[in-house]
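Undergrad: Here's a structure for you.
The values are calculated or read from the model by the stated rules, or taken from the named source; none is laboratory data. The shown structure was predicted, so the numbers you read here are calculated from the model rather than taken from an experiment. Note that we place each Cβ from the backbone using ideal geometry, even for glycine, and neighbour counts take in every protein chain shown. Just the protein is used for accessible areas: all its heavy atoms, side chains included, with ligands, DNA and RNA removed. Shrake-Rupley method; radii C 1.70, N 1.55, O 1.52, S 1.80 Å.
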Amino acid sequence: MIVSRLFMVAACVGICMACSLSHGGEKQIIFHDDFNRDDANAVGNEWSSRGAAVLKDNAALFKVKEEEFRPRIKRTFPVQKQGKFTVSFKMDWLRTSEGTWSFHMQLGDSTKIPRLLIYNRDLAKGIGVNLVWGGGELVNFQPAGSFGYSVGGKFKPLFVINDMKNQQTVVEKAVVTIDVDVDSGTYAVTFNGKTYPDLPFDNKGPIDTIRFITNGCSATGFSKSSIDDVVISKDK
Amino acid sequence: MSKTGFITLWLTLFSTCAASAAETGVDTKTFEELVQPVLHKYCIDCHGPDVQEARLRYDQVDGFRLSDRHLWTMIHQQLSQGEMPPEGEPQLSAEEKKRVLAWIEKEQRALGAGSTRRLNRREFGSALQDVTGLKVDFAYTIPGDSKVNGFDTGAEALQDASDSVSQMMEVTSRVVQSIRFLEPPPSEVLKVDLVNVEKDPYRQFEPWKEKGIHLEKLPRIAKPGLGALVEPKWPKDRSDNLFRVPAPPDRQGLVRVKFSVASYCAFPEVPNPILWVKIGGRVYDRREITGPLDLEYEVQVEDLLVSSKGVSVSFVPRVELPYRVKGFENEDRSKPGQFPDGAGLFRPVWDKRLLKNPEQQPRPFVVLKSVQVEPHFVAPWPPKQWNVDLGEINDSPQSAEKLLALWMDRAYRRPVTVAERKHFLAFYKQLRGDGWTFDNALRSTFQAVLMSTPFRHLDSTAHEDQVIADHAVASRMSFMLVGSPPDAELRELAASGDIRRPDVLRAQADRLLSDPRCYHAFIQPFVTQWLEMEQPITLVDDRRGKASYHFRRYLQDSMREETYAYINRLLVDNRPAREIISSDWTMMNDTLARHYGYEGIEGGHLRKVKLRKDDKRGGGIMSHAGIQSMLCWMGDNWVIYRGAWTARHILNDPPQLPPLEVPELDPTAGDLKYMTPRELMAYHREDKNCAVCHVKLDPIGFAFQNFDISGRWRDVEHEFYIVDELDSNVAWRGTGKTRPVDTVGMLPRGEEFRNYDEFKSLVAKEYQDDMVQGLMKNFMLYATGRKPDIDDMAEINEIMEDHADQGYPLREMLLAVFQTKAFLEH
């Protein structure tokens, strides 16, 4: 147990150091978490969570059970008030049968993000980049496996990831990359090799928080529901 | 012609009789020179155009108006008690304060009473029953009255409006069509006697077919010497009709149905049957049948659902309580894992092939001894039971005048002058001149009487005519306590002028309080309105608590009745006010006993029961399941509702209305679902608009966390509660871990408590005077129709001082209200 804790501390220190060091010569890593830690009942590394988000198999696993806005995790990183930066993460998200659900990946301003999520309108408060996967009435869109973004409280679909006939075909270990331009309040998202440019911020402003939210996802509706390798970087 | 004549007559009478109230005060100069500057100097910052604390705004007040009477009473109270301006703010000089208080008092007295009002719906219906001698609910179609401070007796809300007058016109038209003078009865009386029938009692009804009666599910079991046995129904069994009566012509008029009944069961453990009588789809009666009884229903066809086959008459005994009988197995409809034995629907089962005779069967029957029907009933008037000797009544002006005199005397609830009668007699003669029959002309004249102000309004007890004023005292007391016009004894005392003598007033109020009618006519409506008991009682299935409510309707009624019967008992026994808060007894019947976990209480009637020492609820109305359950709605905001209710009705410290812009707190939304009640309240108070009230209400509301949604005691609460549906019933189910109930809180003046018991002790010790004052204000409003003003409050305080040493005995306190100037001189 003690050994395991020591290892955890060492891992955390290592990750934090990585945050402030340059990586690969061209990019400055602002934040990086590969979740390569022992399985635990919390995600760790200063990720705050609500609901059952755990560390399992070196990834952040959302143990979904049809809850509202839960599980969800959030973490802050050095504030980006101007310029451009890039966020990428791996998504291992296999839907089996869920029809009404949503999964949100958000970047926003910690000073404006509310402590609690109570109503749907709270999802957008303080949020700039607001990517959404889902379907049914929660995103007002069919089929159930759509991907898009949210702006002004409305879901804007970009493409259908999977429909009910081909449910398990697309999102396994996909890499999502978001190129954010704080000055213009826009971003481009690249997903499965396709890029969607010039998407508008939900709310324009500085960015210092990354948040992942599951909403209405049932345990039987998904065979996989985890994320991995979150990297936030900017050009040197 | 006749209609025009009627309307002209009515308008003339209405305009001459209607009370005119002065709208504004008299001393506007002092207001402009003194009071208005004081308001602007000391009050406007917090109660002006920019800020309206407590929703009060004084910059628009332009004098002492009748409609502002309560506002000025409040200002007077707060100024005189030094509550306003608040500490730390600039204060009025002694001279300013003295002059402002004097101005308010002077203006209020100059403005007069303003308590003349029309009868409310209940009183109007009762007065119509009294004048006709019929039991018909004539006022059924009149909408409920607006309320003042929650009460339907407020003069402010009971003024004539065009719609209320037109509704009364329609109702009174039906009333006079229900009586006859010289006309023969329009239909014959149909009667079936079943006592001596040997078998197949349904065959006795065969002759009714020829009279147009449509026979349906009639009783088939005869018990010679007793009558026909009607089999009981169980919860969720559908009702059957005995028969359908053809509707009167134009589907208007009355149907009269009479039953002579008794109960029968060979097994003492079986509960008494509850008889439901529905006519035309409307429930007219629901009562426990314990012995022989004659039941009579006079119903207006206009109020009923009428099918092509006529008006349905349903007579259904029901078993509304689960029971066991020694020697019989119990049926248990529970599903595996749900509603284990001991709860749910169960009853003895037997083989109907083996136990064919009723005396072998463990179930209660209602015995039907006779049935009587009058398909089109028009009552002879005056009613026989009045024993009035008018001599021979024939088609003559003298007979008409005698009948009119009797009608008016009864309708006006006081002697009628010749001058008053003259208008109506002239109207009658005019109709006869137009060719109307004796009966029809008299009906229209009677209707005109019912539409005149002296019938529809309660006179002022300060009326300039002493005879009218004295009869007004009798009327107001009688309507308040027994819900009907004064009886002969009261009228005699009013006529002799003795009614105002303190000993007479007290004796009469005491007599009426002891009248059996008082329970339904005063206790029920007063307590319902005082404690806001119109709210629905929520009963939900609780699988963990092993309770289901197939018997919910009877339980819900019993839960309400507990509070009515408790307050009634406090008044009957003249108990101290403290027992409203805390006692060692309650009123219980078989159903409540089951709900509260008491044994050995049989029968549906409520009786006084001493509480077990281990019953943590203890006595007092706040421990009643009906009260705590009605303040929950699917568990939503228990703490707030319970806190606000207690502040309003027990602590005499009503909270402000919630601001419009604050969204309702939904404890099932998002993250709120995962909060404890205390965290939830803390979150709600983060909004400063909400915090103003909640900082006071929430700590009170926590005192009641030991009461679950059905008003039963619980020691633990669950992490989460979810709404579920089971067999089409709503279930409120606790899930997740349990934790001890959190009952720590604080009373408005800072007294802290850790549990319900400490809370009740503190309220009884520190807030009894507040509660009694609040109750007395309500008694006063109910009796006078006015919110108590400065002088009324002084009288209330005097009554309280007189009775404080005795612990505020409730009957004495109420009796004292009838001796006040507020009651006698307004």
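Undergrad: Check the straight Cα-Cα distances from residue B:610 and name the aspartates and glutamates below 20 Å, setting aside those fewer than 8 residues away within the same chain.
TA: Within the straight-line limit of under 20 Å, residue B:610 reaches these aspartates and glutamates: B:561, B:562, B:573, B:579, B:584, B:590, B:599, B:602, B:757.
Undergrad: Let me ask something else. What does the extension gain come out to for residue B:812 and residue B:290, with contour length at 0.36 nm per residue minus their alpha carbon separation? Intermediate results must be reported in sequence, preceding the final value.
TA: Numbers: separation 522, 0.36 × 522 = 187.92 nm, distance 3.44 nm.
Extending this stretch completely gives an extra 184.5 nm.
Undergrad: Given a Förster distance of 35 angstrom, what is the FRET efficiency for residue B:269 paired with residue B:506, based on the Cβ-Cβ distance and rounded to 0.05?
TA: Values: r = 47 Å, r/R0 = 1.34.
The pair residue B:269/residue B:506 has a calculated efficiency of 0.15.
Undergrad: Before rounding to the nearest 500, sum -39500 (n - 2.57) across all DSSP H runs of length at least 4 in chain B and divide by the residue total; then give [θ] at 222 nm in deg cm²/dmol. Write down the numbers at each step before the final one.
TA: Values: 26 runs with 302 residues, N = 826.
That calculation yields -11000 deg cm²/dmol at 222 nm.
Undergrad: I'd like to know how chain B sits against the 2.2 N^0.38 Å rule of thumb: what's its Cα Rg over that expected value? Don't skip to the end; give the middle numbers.
TA: Numbers: Rg = 30.1 Å, N = 826, 2.2 N^0.38 = 28.2 Å.
Scaled against compact globular proteins, the figure is 1.06.
Undergrad: Sticking with this structure for a sec: 7 Å from Cα along Cα→Cβ at both residue B:678 and residue B:109: what's the point-to-point distance in nm?
TA: 5.4
Undergrad: Follow-up. If contacts are Cα pairs under 8 angstrom and at least 6 residues apart, what is the relative contact order of chain A in percent? Working shown, then result.
TA: Details: 607 pairs, mean separation 72.6, N = 236.
Computed value for chain A: 31 percent relative contact order.
Undergrad: State, to one decimal in nm, how far the label point of residue B:584 lies from the label point of residue B:668, with both points 7 Å from Cα in the Cβ direction.
TA: About 4.3 nm separates the two model spin labels.
Undergrad: Sticking with this structure for a sec: Expressed as a rounded percentage, what relative contact order does region B:568-726 have, with Cα pairs under 8 Å and six or more residues apart? It would help to have the intermediate numbers written out before the result.
TA: On the way: 171 pairs, mean separation 36.9, N = 159.
That works out to 23 percent.
Undergrad: Related question: Mind ordering B:260-267, B:245-252 by average Cβ neighbours within 10 Å, highest first? Kindly include the intermediate steps, with their values, before the conclusion.
TA: Numbers: B:260-267: 18.6, B:245-252: 16.9.
Per-residue mean Cβ counts within 10 Å order the peptides as B:260-267, B:245-252.
Undergrad: Then there's this: Given a 1.4 Å probe and no ligands, DNA or RNA in the count, how much accessible surface is buried by B and A, both sides, to the nearest 100 Å²? Intermediate results must be reported in sequence, preceding the final value.
TA: Details: alone 36880 and 11200 Å², together 47180 Å².
The buried area between B and A, both sides summed, comes to about 900 Å².
Undergrad: How crowded by other chains is B:778-791, given as the mean number of beta carbons from other chains within 10 Å of each beta carbon?
TA: Numbers: counts 0, 0, 0, 0, 0, 0, 0, 0, 0, 0, 0, 0, 0, 0.
That works out to 0 on average.
Undergrad: Also, quick follow-up: A 18 angstrom limit on the alpha carbon distance is what I want to check against. Which of A:27/A:173; A:65/A:173; B:191/B:211 exceed it?
TA: Working: A:27/A:173 23 Å; A:65/A:173 22 Å; B:191/B:211 12 Å.
With Cα atoms farther than 18 Å apart: A:27/A:173; A:65/A:173.
Undergrad: Another question about this same structure. Could you list, in their original order, any pairs among B:258/B:402; B:613/B:696; B:217/B:356; A:112/B:688 whose Cα atoms are separated by more than 25 Å? Could the numbers behind the result be given before it?
TA: Values: B:258/B:402 31 Å; B:613/B:696 32 Å; B:217/B:356 20 Å; A:112/B:688 19 Å.
From B:258/B:402; B:613/B:696; B:217/B:356; A:112/B:688, over 25 Å: B:258/B:402; B:613/B:696.
Undergrad: Using only atoms on other chains, find how many Cβ atoms lie within 10 Å of each Cβ of peptide A:115-126 and report the average.
TA: Numbers: counts 3, 8, 4, 9, 5, 2, 0, 3, 1, 0, 0, 0.
Per-residue shielding by partner chains comes out at 3.
Undergrad: Here is a further query. From the square roots a ≥ b ≥ c of the eigenvalues of the alpha-carbon gyration tensor of the protein assembly as shown, which class results: rounded (a/c under 1.5), prolate (a/b over b/c), or oblate? Intermediate values should be presented prior to the final figure.
TA: On the way: a/c = 2.23, a/b = 1.56, b/c = 1.43.
Verdict is prolate for the protein assembly as shown.
Undergrad: Taking 0.36 nm per intervening residue step and subtracting the Cα-Cα distance, what contour gain separates residue B:804 from residue B:656 on full extension? Show your work: numbers first, answer last.
TA: Values: separation 148, 0.36 × 148 = 53.28 nm, distance 2.96 nm.
Working it through step by step, the gained length comes to 50.3 nm.
Undergrad: Using a cut-off of 15 Å between beta-carbons, work out the net charge of the residues near residue B:85 (Lys and Arg +1, Asp and Glu -1, residue B:85 not included).
TA: Values: positive: B:41, B:97; negative: B:45, B:53, B:83, B:87, B:89, B:96.
Net charge around residue B:85: -4.
Undergrad: Continuing with the same structure: Using a Förster radius of 35 Å, what is the FRET efficiency between residue A:66 and residue A:194 based on their Cβ-Cβ separation? Nearest 0.05, please. Walk me through the intermediate numbers first.
TA: On the way: r = 31 Å, r/R0 = 0.88.
The pair residue A:66/residue A:194 has a calculated efficiency of 0.70.
Undergrad: Accessible area of chain B with a 1.4 Å probe: how many percent of it is carbon plus sulfur?
TA: Details: 17930 of 36400 Å².
Here it works out to 49 percent.
Undergrad: Assuming a viscosity of 1.567 mPa s and a temperature of 4 °C, what translational diffusion coefficient in µm² per second does Stokes-Einstein assign to chain A, Rh being the Kirkwood radius over Cα pairs? Don't skip to the answer; put the middle values down first.
TA: On the way: Rh = 17.9 Å.
Diffusion coefficient, whole number: 72 µm²/s.
Undergrad: Based on the alpha carbons, how large is the Rg to Rh ratio for region B:119-248 when Rh follows Kirkwood?
TA: Reported Rg/Rh, Kirkwood definition of Rh: 1.13.
Undergrad: Still on this model: Other chains' Cβ within 10 Å of B:667-677 residues: what's the mean? Walk me through the numbers before you get to the answer.
TA: Values: counts 0, 1, 8, 13, 12, 5, 5, 7, 1, 0, 0.
Per residue, the average neighbour count from other chains is 5.
Undergrad: Relative contact order of region B:744-789, please, whole-number percent, based on alpha carbon pairs below 8 angstrom and at least 6 residues apart. Numbers along the way, then the final one.
TA: Numbers: 21 pairs, mean separation 8.2, N = 46.
The value is 18 percent.
Undergrad: Let me ask you something else. Estimate the FRET efficiency between residue B:492 and residue B:305 by the formula 1/(1 + (r/R0)^6), using the beta-carbon distance for r and 35 Å for R0, to the nearest 0.05. Provide the component values of the computation, followed by the final result.
TA: Working: r = 45 Å, r/R0 = 1.27.
The value I calculate is 0.20.
Undergrad: When the chain is fully extended, how far beyond the present Cα-Cα distance does residue B:328 get from residue B:688, taking 0.36 nm per residue of separation?
TA: Working: separation 360, 0.36 × 360 = 129.60 nm, distance 6.32 nm.
Full extension of this stretch gives 123.3 nm more.
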